Amino acid sequence: MDRLPDAPMPDTPPAGEMISPPLFERLGRRGFVGSAGAAAGYTLAAGPVMAQTIVTTPADGLVAGEVVIEAGDRALPGYRARPASGRDWPVVLVCQEIFGLHEYIKDVCRRLAREGYLAVAPDYYVRQGDAAAAPDVAGAAAIAGRKPDDELFRDLDATLAWAGMDGGSAEKMAIIGFCRGGRNVWAYAAQNARLKAGVAWYGPVAGQASALTPRVPLDMAGEIKCPILGLYGEADTGIPVDSLREMEKRMREAGKRFTLVIYPGAPHGFHADYRPSYRPEQAQAGWRLMLDFLRGNGVG
């Protein structure tokens, strides 16, 4: 397991999975804090959510915007960003947090497009409800919790097929995700042998299985089909370091490639630049590692 040197940390309380700005604004601070206990499995930040991302990536020189992805029984809304010229771009699936396809996730797609990728984020919770319109955090978590893994996999398959029709490479494909999306990175990497790499940003590896999500990532270690980079925070109260060490052990025993990086003092959501959990130094270091990892595994 790789550990990075200690770095001074802002005096901000640990933060975790938070609501998107529109939901926060509807709830107000009291309603937001009061809903925290009901959202099992997610830890929340103290302090207000910022109105927009700190990092805002311009779309000039890109083709970027809302798209519609045909996925079996319905069309999924999504967001895609890619260079304005060329084709056969390497494809990166971007898996959202539980709070809908908001500006932070769209900006992540634009950041990847500026590195030469076709990045696409499908709103795969649309069948379960509108997470951005959920009345509280528990409502958003409930929407995400109703998503069956088998349906998720079909939606991600459909998104990759759509990316191919949009000029993406069929040979250079990867997946990244944040929080619940990081968990989905693990799950889909155990399903799709065409993936070249996966990057899980603070995605849980343990937890309680259910009829809809019958296995947790720890149970999938022997079936992971591509190298994985895990970017985690030591101060993440929802993802015990022991669970990450156990995942590392199981991956190693199964002969799988797993690069685990744990940032000392970093909380959950340290890449999320729209809320107080954001840690610029760790976020930027993780982003550089991610790009190097993708390119080092043939996606770039």
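Just order 102-110, 288-296, 141-149 by mean Cβ neighbour count inside 10 Å, highest at the front, would you?
Per-residue Cβ counts within 10 Å, averaged per peptide and sorted highest first, yield 102-110, 141-149, 288-296.
When the chain is fully extended, how far beyond the present Cα-Cα distance does ALA84 get from GLU171, taking 0.36 nm per residue of separation?
29.3 nm
Tell me, what does the Kirkwood hydrodynamic radius of the range 114-160 come to in angstroms if you use every pair of distinct C-alpha atoms?
12.0
Rounded, prolate or oblate: which one fits the range 143-300, using the alpha carbon gyration tensor with axes a ≥ b ≥ c (rounded when a/c is under 1.5, else prolate when a/b beats b/c, else oblate)?
Taking the square roots of the gyration eigenvalues as a ≥ b ≥ c, the range 143-300 is rounded.
Return the long-range amide H neighbours of VAL67 (sequence gap of 5 or more, or a different chain), with a cut-off of under 5 Å between placed amide H atoms.
Placed amide hydrogens put GLY78, TYR79, ARG80 under 5 Å from VAL67.
Using a Cα-Cα cut-off of under 30 Å, which lysines could be cross-linked to LYS249, ignoring same-chain neighbours fewer than 8 residues away?
Counting by Cα, and skipping residues close in sequence, LYS249 has these lysines nearby: LYS147, LYS172, LYS196, LYS225.
No value in this document is a laboratory result; all are computed from the given coordinates. The structure displayed is predicted, hence computed values, not measured ones. Neighbour counts are summed over all protein chains in view; Cβ atoms, including those assigned to glycine, are modelled from backbone coordinates with ideal geometry.
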